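Take a look at the structure set out below.
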Amino acid sequence: MSPTNSLASLLALTALGIAHAQDIEVRQLGSLDPLEVGVATNGLGESLWAGSTVQTAINALEGLPGSDSDGYRSPARANLVALALLSGGRPPQGGRGNASLANLRADRLLAASGAEAAYSLLERTPGLDRAPDLARLHAETAFALAAGDAGCRTANGLIVGRDQTYWLRARAFCHALNGEDAAAELSADLARTEEPDSNFDGLLYAITIGSWTVDAASADTGLDWALAAVSPAEGRPVINLTDAPDWLVAVAESASATSELEADPALALEGLAMQEGVGRERLLDQLIRQDFDRLVAAQALATALEEAVRDDDFMRVAREYGREVGTLPITLDTLVDGGRFALAALAVGDVAAAQRWRDTLENGPPVRRTASTFDPTKPGDLIGAVAEPDRPEWAPPSPSFMVGLDLAFRIAQNQVRRSSTDALIQARLEAGEAGLGDIAALAGLGMAVPADFRLALYRLEPAAGSPALATMNAAAMAGARAETALLAAQVLADGPAGASPTELMQVTIALDRVGLRDMALALVLERLIVELA
């Protein structure tokens, strides 16, 4: 499997798996532990927690970003976590029925893979009526995704903890959805006596009264966002998402309809400098996606990628717009940014588009030729044809960049074992410490590397490694697949581009040892793309 295609197969959702008949732990017939529920087509298998205990599993999960964090900058790191947490299988030793473990798994999945994946998993999870923390995650994602019926089913069916203020407000929303305004306001009143929330009240009363009574509103939860989504459009203030978690902001952005660009693209591009904030982001998005003038689209994408490099956010932007690269015209002007365009296309697996830009980077853009004379009896000949007279000579990118780009192609196509890759590895090693990290990661996957690699490793300045590094190695030796993947993500806290050569080599060794070679290659590819950008 190609590393760039691993996410699509990973996130394909399947029907609920059945309980494992061979489970050696005693349990009631027909019961199903939350960890046995999985929604990944190509997951880690039912024995993903074999070799782990409940405490080692909790330790592996606790060190990862939670749903209330800033999430993941590295898509490859997030995918590694999602692979483990979307997979269903027998719980670790002592983990059956452990609420903390089930809650951590769902929470960390929400941070790594977003609301749709977490909702799909929890929608299939039994026993939510007696698990208020899991139930809240299910309701939050359901409300955020406009699956109000599912969220209300959980809110109304809850047995344990149903009198908490969140659930009183959730049921108030559900009453309002059904047109039961008096019941909605009564439930909101009960919640208010326990814990006042004027923002929620303003959102709710906009629905029950049918008009807005407040000038400002925010959405910090999925429930808030659901209220805002069904509130009257007339007079609705801009919903403030400043304090919303990243996963909810992503839902809100995807739900916002992308309007068509109304102005002339060239004029809109000139006006981009006068825009800022959300308005500027929206205009840049429209310019990149519009089909009227793809030369302008290329300029807009070049701007977006340049800013992404500045903000250490290249992979997210590349994955957002990488599919646009295939329709951009290749000219002398656009080729100035051709290296980043090729990398963005590789980030989404569009190898064909990336290859066209790569070849033109090496050879230069096509030369337009004009004829000084024309013989009508020979329409196929341009007599005296001359190249563009004022055209500057094309200077390709540095050999170091082209070596790195070609190595990225080999990784993206899972062709690193080809004999010609050895020369690329040798040349990449000469790129200094950045190249050393790439080669260390490939060495961990068994690639042949030159002897000078060992000398370069030996001469590195000592650096403090992640405390999870040794634990990850021990988990890999024990064959604990899920635990190894999660600990590898802990080691790569700053993404693969921020890891040391030693950490990269040990991560790829560990992942390869537990059968996760494709995920290891995806990490190496992301590192190369970010470095070259």
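The values are calculated or read from the model by the stated rules, or taken from the named source; none is laboratory data. Quantities reported herein were computed from a predicted structural model and do not represent experimental measurements. When we count neighbours, we look across all protein chains shown, and the Cβ atoms used for this are built from the backbone with ideal geometry, even at glycine. Note: areas computed on protein heavy atoms with side chains; ligands, DNA, RNA excluded. Shrake-Rupley method; radii C 1.70, N 1.55, O 1.52, S 1.80 Å.
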What is the dipole size for the chain, taken about its Cα centre, with +1 at each Lys and Arg Cβ and -1 at each Asp and Glu Cβ, in debye to the nearest 20?
-> 2000 debye
Okay, helix-only estimate at 222 nm for the chain: each DSSP H run of n ≥ 4 adds -39500 (n - 2.57), divide by all residues, round to 500 deg cm²/dmol; what do you get?
-> -16500 deg cm²/dmol
Give the accessible surface of the chain per residue, rounded to a whole number of Å², with probe radius 1.4 Å and ligands, DNA and RNA excluded.
-> 46 Å²
The rounded separation in angstrom of the Cα centers of the range 428-475 and the range 72-127 is 31 Å
Short version: ³J(HN,Hα) in whole Hz for each residue of the range 315-331, in order, from phi by Karplus 6.51 cos²θ - 1.76 cosθ + 1.60 (θ = phi - 60°), x for Gly and Pro, what are they?
-> 5, 5, 5, 4, 6, 6, 10, x, 6, 6, 4, x, 9, 7, x, 9, 10
Treating only the Cβ atoms of Lys and Arg (+1) and Asp and Glu (-1) as charged, compute the dipole magnitude of the range 390-522 about its Cα centre; round to the nearest 20 debye.
-> 440 debye
Can you tell me the dipole magnitude for the range 259-333 around its Cα centre, using point charges on the Cβ only (Lys, Arg +1; Asp, Glu -1), in Debye to the nearest 20?
-> 240 debye
Run the numbers on the chain and let me know its relative contact order in percent, using alpha-carbon pairs under 8 Å that are six or more apart.
-> 15 percent
Protection-proxy order for peptides 226-236, 79-89, each taking the mean of Cβ atoms within 10 Å per residue, highest first | 79-89, 226-236
Once you list every other residue whose beta carbon is under 15 Å from the beta carbon of residue 148, what net charge do they have if Lys and Arg are +1 and Asp and Glu are -1?
-> -2
Against the longest principal axis of the chain, how steep is helix 181-194, in degrees 0 to 90 to the nearest 10, with axes from Cα atoms?
-> 90 degrees
At a 1.4 Å probe radius, carbon and sulfur cover how many percent of the accessible area of the chain?
-> 51 percent
Angle between the chain longest axis and helix 481-491 axis [Cα atoms, degrees, rounded to 10] | 70 degrees
Hey, can you rank 38-49, 483-494 by average C-beta count inside 10 Å, highest first?
-> 483-494, 38-49
Taking the alpha-carbon centroid of each part, what is the distance from the range 282-340 to the range 50-66 in angstrom?
-> 40 Å
Correct choice for mean projected area of the Cα convex hull in nm² that was computed from the model, options [x] 22.6; [y] 31.9; [z] 30.7 | [y]
For residue 190 and residue 461, extending 7 Å from Cα along the Cα-Cβ vector and measuring point to point gives, in nm, a value of 6.2 nm
Helix 246-255 sits at what angle to the longest principal axis of the chain, using alpha carbons and giving 0 to 90 degrees rounded to 10?
-> 80 degrees
Subtracting the Cα-Cα distance from 0.36 nm times the residue separation, let me have the gained length for residue 415 to residue 156 in nm, one decimal.
-> 87.9 nm
